[in-house]
Amino acid sequence: ALDWIAQHAIWVMNGLFTASGMLAALGIALNLKFLLRGNVWPYFFIGFVVTTMMGGKVNLLMMAIIAACVAYLHVLWVHGMEAAPAAAQAQAQARKAPGLLTRQDVFKAWLRWLFFSHSTYNWERMQGLGFAHSMTPIIEKLYKTKEDISAALKRHLIFFNTQPDIGGVIHGIVIAMEEEKAAGADISDDAINGVKTGLMGPMAGVGDTIQQGIVIPIALAIGIGLALGGQPQATRGNILGPLFYVVAVAAFVWGVGWWVWWQGYVQGRAAVTSILQSGALQKVITGAGVLGNFVMGVLAVQFVKLSTPVAFSIGGSTFRIQAMLDSFMPNLLPLILVLLVWWLVSKKNVSPTLIMAAIIILGVLGAIPIWPGIDEAGKAIKVGLLGG
């Protein structure tokens with residue numbers, strides 16, 4: 001076995017190098033699973049074509065800024081500057097709170113949820129214990145007897161599961177309902193739990209789409225671009241890359257998380273309805289989709305590396321397959337690879353682990369030197385089918 005490895009080490013290493021350039025297609029395809037949909041999918045191809053026309057040597061941060069401007073113009077074109085419906089504007093008016101809680105009380109509850117929402121995550125109640133824990137400072141402030149405190153905690157120990165940041169609006173609504181209940185309003189336990197169970201699904205869908213499908217991939221892509229300085233094979237990085245990612249994600253988790261939590265409390269049960277009816281949320285999702293697709297197109301050019309060194313001579317003329325492909329469309333093979341992997345993960349539900357293994361095997365087998373090629377001196381040689 002060692003002799004075989006020694007004899008074939010070069011093409012095996014070439015194959016692994018080729019596979020490393022192809023594996024980036026899997027990461028991009030997993031992001032496109034969330035992004036390549038609706039009426040914003042063409043922006044992936046726009047980002048890809050623009051970057052290809054610029055030779056792939058682009059600054060990712062600058063391209064992200066351009067993409068953000070394009071996203072803004074797209075939202076204006078599609079949604080216009082229409083105002084929120086009158087019903088939504090009326091519902092968006094802040095409720096009149098009984099005054100039993102302060103902003104500091106609500107903030108304390110949010111901090112508990114921020115740090116402990118998943119600390120007791122389990123299959124029986126999911127985030128139920130974390131929800132009850134976050135409500136503890138509110139309940140202890142509103143209720144004085146042991147029996148009332150115990151009853152309030154018990155009604156928040158039921159099954160609960162949502163996206164922890166955007167889903168925080170549910171907590172704000174529930175806090176408002178608990179405050180009104182403590183002030184004497186006729187609000188039943190079923191009404192409170194009905195709000196939780198009715199909203200946790202929709203908010204999970206919206207939150208996961210925004211955070212996991214848009215915010216994190218884009219922040220990570222820009223951070224990697226800053227860290228590598230546009231050189232995918234760089235061995236030394238720039239500290240600005242990870243700092244950008246940490247700050248961007250923290251801004252979403254802390255900034256957006258607290259804002260929706262507070263809005264839920266201030267507006268009460270009308271909060272989610274007013275946000276949805278205003279159309280603002282749809283504008284954000286649309287704009288983020290444009291931005292995400294554009295950036296993924298840029299990344300596909302910069303990080304997915306796939307070519308073919310196959311060449312042959314006919315009648316004294318040399319024909320290089322890669323040159324012929326480039327004359328038709330540069331970076332065609334990387335684009336085909338990304339779209340193929342996207343189709344497998346999004347349409348056929350193929351496991352990413354299986355695709356990763358297949359790419360590595362394909363890279364190694366594709367490097368076996370059994371295909372015709374021509375070296376720089378014009379001499380006929382044997383080459384692999386694929387190259388990085």
So which of LEU365, LEU299 ends up being closer than 16 Å to GLY388 by Cβ, aliphatic (A, V, I, L, M) and touching a helix residue (DSSP H, G or I) at 6+ places or on another chain (Cβ under 9 Å)? LEU365
Tally time: how many residues in segment 348-388 are closer than 13 Å to THR18 by Cα and exposed (fewer than 11 other Cβ atoms within 10 Å of the Cβ)? 0
Going through segment 142-180 in order, the residues found to be outside any helix (DSSP H, G or I), touching a residue at least 24 places away in the same chain (Cβ under 8 Å) and more than 35 Å from the chain's Cα centre (by Cα) are TYR143
Which residue out of ILE192, ILE187, ILE139 is among the β-branched types (Val, Ile, Thr), touching a His at 6+ places or on another chain (Cβ under 9 Å) and either closer than 22 Å to GLU124 by Cα or free of Cβ contacts under 8 Å to residues at least 24 places away in the same chain (or both)? ILE192
Find the residue count for segment 181-203, including only residues that are assigned to a loop (DSSP other than H, G, I, E, B) and within 13 Å of LEU142 (Cβ to Cβ). 4
Quick check on this structure: which one of LEU354, LEU344, LEU362, LEU332 is in the same structural domain as ALA19 (by TED's automatic domain parsing), modelled with pLDDT of 95 or more and within 19 Å of GLY56 (Cα to Cα)? LEU332
When residues of segment 43-72 are limited to those that are modelled with pLDDT under 90, out of contact with any helix residue (DSSP H, G or I) (no Cβ under 8 Å at 6 or more places or on another chain) and assigned to a helix (DSSP H, G or I), the one surrounded by the most Cβ atoms within 10 Å (Cβ to Cβ): ILE65
Any hit, segment 256-268, residues being at pLDDT 85 or above, among the hydrophobic types (A, V, I, L, M, F, W, C), assigned to a helix (DSSP H, G or I) and closer than 30 Å to ALA300 by Cβ: yes
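The values are calculated or read from the model by the stated rules, or taken from the named source; none is laboratory data. Note that the structure is predicted; figures quoted are calculated from it, not measured. FYI the Cβ positions are ideal-geometry reconstructions off the backbone, even for glycines, and counts take in every protein chain you see.
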